[in-house]
Amino acid sequence: MEDIIVCEGLNKYYSGVHALKDLSLKIKKDSVVGLIGDNGAGKSTLIKILSGAHQPDSGHIYFEGNKVKFKSTKEAMNLGIETIYQYSALIPEMSIARNIFIGREQTQYNVGNFGLMKTKTMQDDAMKALTDVELHLRSPDTPVNQLSGGERQGVVIARAMYFKSKVLILDEPTNHLSVKETNKVLRFVEGLKSQGVTSIFITHNLSHVYPIADHLCVMARGEKIADLDKKDTTIDHLTDLLVNG
Amino acid sequence: MSKNYSLRSLLVRPEVATFLMFLAIMIGFYIANERFLDARNIRIVMGITPEYIIVAIGIAILMISGEFDLSVGSVFALVPMTIVQMVHQGIPPWFAIFLGLMIGIIVGFVNGFITLRFGIPSFIATLGMLYIARSLTTVATAGFPPPFPHILPNELFVYQFELFRASLYWALLVAVVLGVMLHRSNVGNWIYATGGDQNAASSMGIKTGNVKMFCFILCGFLAGFAGMIQTFRLEAPLPSQGYLLELESIAAAVIGGVSLFGGIGTVFGAVIGAILIRFLESGIIMARIDAEWFRAGLGSLIIIAVVFNTYISRRATRIGQNKAKD
Ligand SMILES: Nc1ncnc2c1ncn2[C@@H]1O[C@H](COP(=O)(O)OP(=O)(O)O)[C@@H](O)[C@H]1O
Ligand SMILES: [Mg+2]
């Protein structure tokens, strides 16, 4: 299968801290990649670079075979790389429908970039997007702060699906979630594969990603220390890598 | 069941609570003195209210975006003072009005620039501007308040119709246009998102700095425009005009359900908040209570409104947390 993302020799420094050391990585299309590593391993740094939030100090990124240099998250989003950050990328007080369309509102009577929102269309499309990820909520007008943690991640995934992302990066999406809620999120992610979406699932909890991952990548101290297909490894081997670096 | 749910969700909307508070206060003062609601008193109160409504709308939108402006009271004096002085210098009235309103826009821009460029709290940047703009007004007064030049087209803005002044229609126009902008346009969505969670908003590609800058400029413009209307109504440019208005407009916004932390509020709430304050003032005077009680009443209203809104938002969050436990 072809690679959708290829990174070569990425380096990133934060005022003295060498957070990413010569990292190279290939990600196959339509797979679920588990990116694991202890806190501080550099996982978030890597995905911030892939999503355009940060720029690498050196190294190259190829997306679908073309060399890319993202100056902002918007540029990455336009190519179809959507990121679900460690902190929620939802506005708690705003409705589900408005959250799904933040920055990409459907508008009419436009003057330049500005226009009136097509509220009804946005509500209907929001409901449809939620149903597509098997999330059944009462109303698209419910404020997000009335949803549970798992439901919120579902809304974010629905948003990424609606805008036809090709790659979905999830940074610790199961942090602070109960077991039941975690399973819900894992089901959302598992469902993405059949819809032609590649996902990169970041966690420091191996047991969350192992059941759904096709490929596992272990990081420690800013370096990639293992990069394995699931069929070539075991949970014990990976645990050993995680604990002993 | 679902009907019940929607009634409940309506009641927990802060601006609806403000509206109920408004009705209660109106009825209360009406019982205390029937003349409170006769045409004469409504004409008096609604004659002065439009200026406060316009400033409160600007403040509310800026607060929803997550910032403050303490300089509105000073801009409220500076803009009309410069318009009057420019007309005295021989500048054509409409051009003077244009230049004067530009000053409001520039002050808003400077407030935004200092806040965003240097990453300091807008509370401090605009506190500085409060003093600077007031000082400039006094300098522009040149010692003694100048007479009002009657070639200014003030009737267009403040003409007294049967019951209401033209200024009320201007305020309603501002409310409708900005209400549509805030609640129906994509810009409004960006404003709520920016004030609700700036990190999340910018990760979704919203240029939060530009959104805030727009709100600062809008607020400065509206403060100047409202100040011009007041001077046109009084036909006297006073350097002290708008003294303490910054706090009163924040009070109006907060009573109307705007959150101090950004992300929550409506134009309707700010309008009701501003009207409520003016009727509270009038009601206290008409009930023959010592007028000094106005401030105590206003203070209590602010506290009640904020306590109530905090209570509702905690409840809303708890719904989500309880669900997670199911
Ligand atoms: N914005 C930043 N400024 C300075 N240091 C940072 C910043 N972000 C991350 N780091 C440092 O870079 C290293 C890797 O962090 P991170 O990528 O967040 O790790 P992970 O997501 O695997 O827990 C850590 O040592 C962290 O302290
Ligand atoms: Mg991290």
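In terms of surrounding Cβ atoms within a 10 Å radius of their Cβ, B:LEU156, A:LEU130, B:LEU62, A:LEU35 rank from fewest to most as B:LEU156, A:LEU130, A:LEU35, B:LEU62.
Each listed q (0.10 Å⁻¹) maps to a log10 I(q)/I(0) for chain A from the Debye sum over equal C-alpha point scatterers, namely -0.48.
Site pair A:PHE163 and B:TYR311 shows an inter-label distance of 3.9 nm when each label is modelled 7 Å from Cα along Cα→Cβ. Among beta bridges from DSSP that stay inside the range A:90-243, the antiparallel ones total about 65%. Since only B:PRO149, B:ALA200, B:HIS183 are under comparison, the one whose Cα sits farthest along the positive direction of the charge dipole of the range B:99-231, derived from C-beta charges on Lys, Arg, Asp and Glu, is B:ALA200.
For chain A, the longest principal axis of the C-alpha atoms and the axis of helix A:235-244 are separated by about 70°. With R₀ fixed at 30 Å, the C-beta to C-beta distance from A:ASP229 to A:ASP124 puts the FRET efficiency at about 0.15.
Can you give the calculated 222 nm mean residue ellipticity of chain A, where each DSSP H run of n ≥ 4 adds -39,500 (n - 2.57) and the sum is split over every residue, rounded to the nearest 500 deg cm²/dmol? Provide the component values of the computation, followed by the final result.
On the way: 8 runs with 78 residues, N = 245.
About -9500 deg cm²/dmol.
Between A:ASP240 and B:LEU163, the simple label model (points 7 Å from Cα in the Cβ direction) yields a spacing of 8.6 nm. In order along the range B:260-274, the Karplus-derived 3J(HN,Hα) couplings, from 6.51 cos²θ - 1.76 cosθ + 1.60 at θ = phi - 60°, round to 5, 9, x, x, 10, x, 9, 5, 4, x, 5, 5, 4, x, 5 Hz, and Gly and Pro are given as x. Database remark: amide H of A:ALA226 closer than 5 angstrom to the amide H of A:VAL218 (H placed geometrically; neighbours at sequence offset of 5 or more, or on other chains; Pro and chain starts carry no H).
Let me know the charge dipole size of the range A:180-245 about its Cα centre in debye, to the nearest 20, where only the beta-carbon of Lys, Arg (+1) and Asp, Glu (-1) is charged. The partial results should precede the final answer.
Working: 8 positive and 9 negative charges, 60 e Å.
Result for the range A:180-245 is approximately 280 debye, rounded to the nearest 20.
Residues in the range A:204-221 carry Karplus couplings, in order, of 9, 10, 4, 5, 6, 9, 3, x, 9, 7, 9, 9, 10, 10, 10, 10, 8, 6 Hz; the curve used is 6.51 cos²θ - 1.76 cosθ + 1.60 with θ = phi - 60°, and Gly or Pro positions show x. Grab the beta carbon distance between B:MET102 and A:ASP22, set R0 = 51 Å, and tell me the FRET efficiency rounded to 0.05. Efficiency at R0 = 51 Å is approximately 0.40. Dipole of the range A:3-244 computed with +1 at Lys/Arg Cβ and -1 at Asp/Glu Cβ about the Cα centre; of A:TYR85, A:SER148, A:GLN108, farthest Cα towards the positive end is A:GLN108. Counting neighbouring Cβ atoms within 10 Å and putting the fewest first, the residues B:GLU34, B:GLU246, B:GLU235 line up as B:GLU34, B:GLU235, B:GLU246. Relative contact order of chain B, taken over Cα pairs closer than 8 Å and 6 or more residues apart, is 32 percent.
Within a 10 angstrom radius of each residue's Cβ in B:183-195, how many Cβ atoms of other chains show up on average? Whole number is fine.
Values: counts 3, 6, 9, 13, 7, 5, 12, 4, 0, 6, 8, 1, 2.
For this peptide, the per-residue mean of nearby foreign Cβ atoms is 6.
The distance linking the range B:107-142 with the range B:145-183 is 26 Å (Cα centroid to Cα centroid, whole angstrom).
Once R0 is set to 22 Å, what does the formula 1/(1 + (r/R0)^6) return for the Cβ-Cβ distance between B:SER300 and B:LEU244, expressed as a FRET efficiency to the nearest 0.05? All intermediate terms of the calculation are to be shown ahead of the outcome.
On the way: r = 18 Å, r/R0 = 0.80.
After rounding, the FRET efficiency stands at 0.80.
Taking amide hydrogens as placed 1.01 Å from N in the peptide plane, the amide H of A:THR107 sits under 5 Å from those of A:LYS118, each at least 5 positions away in sequence or on another chain. In loop segments of the range A:29-72 as defined by DSSP, the trypsin sites (Lys or Arg not before Pro) with at most 15 further C-beta atoms inside 10 Å of their C-beta are A:LYS29, A:LYS69, A:LYS71. Across the options A:ALA19, A:THR174, A:SER194, the greatest Cα extent toward the positive end of the charge dipole of the range A:3-244 (unit charges at beta carbon of Lys, Arg, Asp, Glu) belongs to A:SER194. Helix A:119-132 axis versus longest C-alpha principal axis of chain A: approximately 40°, rounded to the nearest ten.
When +1 charges are put on Lys and Arg Cβ atoms and -1 charges on Asp and Glu Cβ atoms, the dipole computed for chain B relative to its Cα centre reaches about 960 debye. Each of B:PHE29, B:PHE232, B:PHE109 has some number of other Cβ atoms within 10 Å of its Cβ, and from fewest to most they run B:PHE109, B:PHE29, B:PHE232.
Shape class for chain B, computed from the alpha carbon gyration tensor (a ≥ b ≥ c): oblate, with a/c not under 1.5 and a/b at or below b/c.
How much space per residue, in cubic angstrom, does the convex hull of the C-alpha atoms of the protein assembly as shown take up? Don't skip to the answer; put the middle values down first.
Numbers: hull volume 102.3 nm³, N = 571.
Normalising the Cα hull of the protein assembly as shown by residue number yields 179 Å³.
Might you report the magnitude of the Cβ-based charge dipole of the protein assembly as shown about its Cα centre, with Lys and Arg at +1 and Asp and Glu at -1, to the nearest 20 debye? Don't skip to the answer; put the middle values down first.
Details: 50 positive and 45 negative charges, 104 e Å.
Value, rounded to 20: 500 debye.
Estimated purely from DSSP H runs of n ≥ 4, each contributing -39500 (n - 2.57), the mean residue ellipticity at 222 nm for chain B is -26000 deg cm²/dmol once divided by its residues.
For the range A:34-108 versus the range B:238-279, the spacing of their alpha-carbon centroids is 38 Å. In the range A:1-33, which residues have a backbone nitrogen under 18 Å from the label point lying 7 Å from A:HIS60's Cα in the Cα-to-Cβ direction? Answer for this model: A:3-12, A:22-27.
Every number in this text was worked out from the coordinates using simple rules, so none of it is lab data. Model, not experiment: these values are computed from the prediction. Because the Cβ atoms are built from the backbone with ideal geometry, glycine has one as well, and the counts that use them run over all protein chains shown.
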